[in-house]
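Trainee: Attaching a single structure in structure tokens format; questions to follow.
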Amino acid sequence: MPAQRPKHQSARAAKKHHPRLQIVFLSHPQRSSHLSPSAPAPIVQSPRREQISDLRSLKPNTELEHIMKLANKIALVTGGTSGIGLEAAKLFRNEGAKVIIIGSNAQRLKEAEQALGEGITALRADLRDPSQIDRAIAEVVETHGRIDVVYANAGAGKAAPLEAVTREQIDEQFGLNFNGLFFTIQKAAPYLSNGASIVVTTSFLNAVGTPGLSILSATKAAVRSLVRSLGAELAPRGIRINAVSPGPIDTPFATKLGIPDADLQKTGEALTAAVPLKRFGTVAEVAKAALFLASDDSSFVTGTEVVVDGGLSQI
Ligand SMILES: NC(=O)c1ccc[n+]([C@@H]2O[C@H](COP(=O)([O-])OP(=O)(O)OC[C@H]3O[C@@H](n4cnc5c(N)ncnc54)[C@H](OP(=O)(O)O)[C@@H]3O)[C@@H](O)[C@H]2O)c1
């Protein structure tokens, strides 16, 4: 059998001819509240599910539980107060899970809890502090006794060119994106049920070099590696771990990178042009990939990464 590598290599070679993304640093004081310059295309859903947006609103019965993908599961979602995590929490809840969301901002936690309603518990923890993760996991276990799904999704970044990167920025980004994610998994591990699923959020940045985002990209590459190592360690317990790798997604994430408003706009336009599908992705598109990995639909999938980036890192 010929190896598959030549196809992969040729895709990479083709990528070299794409215009490179530029993050330009200008001194604009304001930030854009919205990075996506174009509206997303309509999403095609399965006919059965598009008519039932919240399966939990129907009366529970065994038939209904049968079609729910996470019926009776206990799911922990970090970064569940905003963007991708908020949407995933809603989807997991609608698919039958009891969902616990974690965030560090009290106001956002309150708003998310109110917006999500029944079936969701919000816990406050700064994931850069392992003792706060300990406390949050203890609370989940005290209430539910076990964890079936961990979606370790919380993340943040700071943009800075090589010469401007500080040690604090490195510690801050690795502290949340790698250490926080690692200790969430480590501390949840003793309470994971047999057949549990761990999903993490990486990024297209772990495969595409982007000026000004070296540290954020490195944190995501480290997490991609972790998925393989922990996949090997946890497989004997029947526990799977996989990553969802989003491309540019329409969330508040980019507005927190510290990029001035005008540059953010330009970067958004450059990204849209570079994405083969010519748009930003939606949180729903990422959440559905996370649901696939969290549920038994992916029961023979572990150690891998599902890329949801409109082809940006692959074509
Ligand atoms: N949006 C994109 O284009 C994109 C692309 C590739 C990858 N991603 C990844 O997707 C994940 C979700 O990002 P998003 O786009 O949904 O961004 P977002 O809307 O900014 O959400 C980030 C989440 O992380 C939480 N968080 C931040 N710092 C925290 C801390 N110290 N402790 C606990 N929670 C913390 C936030 O909650 P609090 O504010 O309450 O702390 C929030 O719920 C991230 O890992 C990001 O790297 C995003």
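Trainee: Can you list residue pairs whose Cβ atoms sit under 6 Å apart, with the first residue in segment 145-160 being over 22 Å from residue 227 (Cα atoms) and charged (D, E, K, R) and the second being more than 6 Å from the ligand (Cβ to nearest atom) and at pLDDT 95 or above? Count only pairs 6 or more apart in sequence or on different chains.
Mentor: 158/169; 158/258
Trainee: From the list 77, 141, pick out the single residue that is within 21 Å of residue 241 (Cα to Cα) and either of a type in the set (Asp, Glu) or touching a residue at least 60 places away in the same chain (Cβ under 8 Å) (or both).
Mentor: On the way: 141 fails: either of a type in the set (Asp, Glu) or touching a residue at least 60 places away in the same chain (Cβ under 8 Å) (or both).
That would be 77, the only listed residue that is within 21 Å of residue 241 (Cα to Cα) and either of a type in the set (Asp, Glu) or touching a residue at least 60 places away in the same chain (Cβ under 8 Å) (or both).
Trainee: Then there's this: Residues in segment 80-103 that are free of Cβ contacts under 8 Å to residues at least 40 places away in the same chain and either more than 13 Å from the ligand (Cβ to nearest atom) or assigned to a loop (DSSP other than H, G, I, E, B) (or both): how many?
Mentor: The total comes to 2.
Trainee: For segment 112-149, how many residues are within 14 Å of residue 75 (Cα to Cα), surrounded by 14 or more Cβ atoms within 10 Å (Cβ to Cβ) and polar (S, T, N, Q)?
Mentor: 1
Trainee: Within segment 150-196, can you find the residues that are surrounded by fewer than 22 Cβ atoms within 10 Å (Cβ to Cβ), part of a helix (DSSP H, G or I) and among the hydroxyl-bearing types (Ser, Thr, Tyr)?
Mentor: Residue satisfying the conditions is 191 alone.
Trainee: Can you tell me which residue among 85, 157 is over 30 Å from residue 66 (Cβ atoms), within 18 Å of the chain's Cα centre (by Cα) and at pLDDT 95 or above?
Mentor: Answer to the check: 157.
Trainee: In segment 59-68, which residues are out of contact with any Gly (no Cβ under 7 Å at 6 or more places or on another chain) and either modelled with pLDDT of 95 or more or among the hydrophobic types (A, V, I, L, M, F, W, C) (or both)?
Mentor: Filtering segment 59-68 down to residues out of contact with any Gly (no Cβ under 7 Å at 6 or more places or on another chain) leaves 59-64, 66-67.
The answer is 64, 67.
The values are calculated or read from the model by the stated rules, or taken from the named source; none is laboratory data. All values reported here derive from a predicted model rather than from experimental measurement. We place every Cβ from the backbone using ideal geometry, glycine too, and count neighbours over all the protein chains shown.
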